[in-house]
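To keep things clear, I will list the structure first and then write my remarks on it.
The values are calculated or read from the model by the stated rules, or taken from the named source; none is laboratory data. The model shown is predicted, which means the values in this text are computed figures rather than measured ones. Every residue, glycine among them, receives a Cβ derived from its backbone with ideal geometry; neighbour counts consider all protein chains shown.
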Amino acid sequence: MSTGYLIDAAMFFADTVLGFYITIIVLRLLFQATKADFYNPISQMVIKLSNPSIGYLSRLLPTIWRIDIATILVALFLEGGRIGIIILLEGGQPRIAGLAVEALANLLRLSIWIFIFAIFLRAILSWVSTSINHPMSRLAVSLTEPLMQPVRRFLPNTHPIDISPIVLFIILMLARKLIVQPLADIARIIS
């Protein structure tokens with residue numbers, strides 16, 4: 001068996017396993033920041049899965065403006081590690097500054113995609129489901145409402161159709177293009 005296959009399998013494993021866990025950590029951070037329903041079964045699953053890496057550190061580090069510093073540090077560390085492992089497996093030499101900036105860009109990109117997914121999920125569930133009490137529906141509402149509320153204040157009332165999800169989607173995509181992509185480009189320059 002060629003070492004290329006092993007390296008490819010190792011890259012896939014690192015990317016998949018760490019990527020999944022990083023998504024759990026980012027979900028925890030976003031749930032905390034948006035005050036999502038703590039007792040929702042999905043929130044409880046995210047907390048239980050992320051507690052082993054965050055529990056002790058969160059007792060040591062403060063929470064500032066509803067942002068858990070421990071969760072951010074763990075997410076940055078894991079994403080930087082994931083990127084570093086992939087660079088090493090490809091035969092490169094990772095640089096700390098480049099890893100830190102690229103990790104930040106990737107975490108912001110992931111956060112934006114989570115919000116976009118939640119907006120679409122909320123819209124689809126509102127068309128299909130007549131029950132707002134489904135845990136996934138409640139969580140999508142509690143995750144997206146803090147972002148949609150300010151957008152609604154600036155929009156005219158278009159009742160019965162709410163166009164705030166469309167406007168928020170545009171804002172998130174612009175943030176991806178104007179904030180995240182320049183950060184990713186800076187990371188490539190300093191790597």
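Structure notes:
- The lone criterion from (1) surrounded by 15 or more Cβ atoms within 10 Å (Cβ to Cβ); (2) touching a residue at least 40 places away in the same chain (Cβ under 8 Å); (3) touching a Lys or Arg at 6+ places or on another chain (Cβ under 8 Å) left unmet by LYS35 is number (1).
- In the set ILE112, ILE67, only one residue is exposed (fewer than 15 other Cβ atoms within 10 Å of the Cβ), touching a helix residue (DSSP H, G or I) at 6+ places or on another chain (Cβ under 9 Å) and over 23 Å from PHE13 (Cβ atoms); that residue is ILE67.
- Scanning region 150-158 finds one or more residues that are surrounded by 15 or more Cβ atoms within 10 Å (Cβ to Cβ), free of Cβ contacts under 8 Å to residues at least 40 places away in the same chain and touching a Ser or Thr at 6+ places or on another chain (Cβ under 8 Å).
Every residue, every condition in (1) within 19 Å of PHE31 (Cβ to Cβ); (2) modelled with pLDDT of 85 or more; (3) among the aliphatic types (A, V, I, L, M), yes or no:
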{"site": "LEU107", "(1), (2), (3)": "yes, yes, yes"}
{"site": "THR130", "(1), (2), (3)": "no, no, no"}
{"site": "HIS134", "(1), (2), (3)": "yes, no, no"}
{"site": "LEU143", "(1), (2), (3)": "yes, yes, yes"}
{"site": "VAL151", "(1), (2), (3)": "no, yes, yes"}
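- When SER58 is tested against (1) in contact (Cβ under 8 Å) with a residue 12 or more places away in the chain; (2) surrounded by fewer than 17 Cβ atoms within 10 Å (Cβ to Cβ), only condition (2) is not met.
- If the condition is being of a type outside the set (A, V, I, L, M, F, W, C) and crowded, with 22+ Cβ neighbours inside 10 Å, then region 18-32 contributes only ARG28.
- For first residues located in region 1-30 and more than 30 Å from ILE67 (Cβ to Cβ), partners that are charged (D, E, K, R) and surrounded by fewer than 11 Cβ atoms within 10 Å (Cβ to Cβ) and lie 6+ apart or on another chain with Cβ distances below 8 Å form the pairs ILE7/GLU90; MET11/GLU90.
- Candidates ARG122, ARG153 - the one that is over 24 Å from the mean Cα position of the chain (by Cα) and among the basic types (Lys, Arg): ARG153
- Leading residue by the ranking (surrounded by the fewest Cβ atoms within 10 Å (Cβ to Cβ)) among those in region 159-172 that are part of a helix (DSSP H, G or I) and without any contact (Cβ under 8 Å) to a residue 24 or more places away in the chain: ILE170
- Considering residues of region 136-158 that are among the aliphatic types (A, V, I, L, M) and part of a helix (DSSP H, G or I) only, the residue farthest from LEU76 (Cα to Cα): VAL151
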